[in-house]
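The values are calculated or read from the model by the stated rules, or taken from the named source; none is laboratory data. Since the model is a prediction, treat every value here as computed from it, not as a measurement. Positions of Cβ are generated from backbone atoms using ideal geometry, with glycine treated the same way; all protein chains shown enter the neighbour counts. Side chains included, ligands, DNA and RNA excluded: accessible areas come from the protein's heavy atoms. Shrake-Rupley method; radii C 1.70, N 1.55, O 1.52, S 1.80 Å.
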Amino acid sequence: EPLRRMTYSLRPISAQEAAAVKPWRIQIQRAGAGDTVASLAARMAMSDNKEDWFRTLNGLHPGDQVQSGQMIKLVTEAR
């Protein structure tokens, strides 16, 4: 029932709404010297809980830090 109720809010979007959509991509890169969880998370495309998203995406627990040269994933807006 809850899923059915959620589908009632689905509707086609207008061309103007579609044009405003900015898709996200996962970018893989190496962490540089001086990069921190906070500095990398600040570059994530989402508006809320960036550090939590960054840690989850990269398998980092609270207190874990990134190391220079470590491969990390960032969610960014498509160019």
Taking amide H positions as placed in the peptide plane 1.01 Å from N, state which residues far from ARG43 in sequence (5 or more) or on other chains have amide H under 5 Å from it. none
Name the residues whose placed amide hydrogens come within less than 5 Å of the amide hydrogen of LEU60, ignoring near sequence neighbours (fewer than 5 apart) on the same chain. none
Estimated 222 nm signal from helices in the chain, with DSSP H stretches of n ≥ 4 weighted -39500 (n - 2.57), rounded to 500: -7500 deg cm²/dmol
Could you give the size of the charge dipole of the chain about its Cα centre, using +1 on the Cβ of each K and R and -1 on the Cβ of each D and E, expressed in debye and rounded to the nearest 20? 280 debye
Of the candidates GLN29, GLN16, GLN65, which one comes out as most mobile in a Gaussian network treatment of the chain with C-alpha springs shorter than 10 Å? GLN16
Could you state how much accessible area VAL21 has, in square angstrom rounded to the nearest 10, with a 1.4 Å probe and all protein chains kept in place? 90 Å²
Accessible surface of ASP64 in the full protein assembly, 1.4 angstrom probe, to the nearest 10 Å²? 60 Å²
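For every other residue with a beta carbon closer than 12 angstrom to the beta carbon of ASP64, add +1 if it is Lys or Arg and -1 if Asp or Glu, then tell me the sum.
Once positives and negatives cancel, what remains is 0.
At a Förster distance of 30 Å, what's the computed FRET efficiency of ARG25 paired with LEU3, Cβ-Cβ distance as r, to 0.05? Each step should come with its number before you reach the end.
Numbers: r = 28 Å, r/R0 = 0.94.
According to the calculation, E is roughly 0.60.
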Whole-Hz ³J(HN,Hα) from phi, Karplus 6.51 cos²θ - 1.76 cosθ + 1.60, for the range 63-77, glycine and proline x: x, 5, 10, 8, 10, 4, x, 5, 6, 10, 10, 10, 8, 10, 6
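Under the definition of Cα pairs under 8 Å and six or more residues apart, what whole-number percent is the relative contact order of the chain? Don't skip to the end; give the middle numbers.
Details: 86 pairs, mean separation 33.6, N = 79.
So the answer I get is 42 percent.
Does the range 37-79 come out rounded, prolate or oblate by the C-alpha gyration tensor, with a ≥ b ≥ c the root eigenvalues, rounded set by a/c under 1.5 and, if not, prolate when a/b is larger than b/c and oblate if not?
Details: a/c = 2.04, a/b = 1.35, b/c = 1.51.
Oblate shape, in that a/c is at least 1.5 and b/c is the bigger or equal ratio.
Could you tell me what a quarter of the Cα convex hull surface of the chain works out to, in nm² with one decimal place?
Details: hull surface 30.0 nm².
Result: 7.5 nm².
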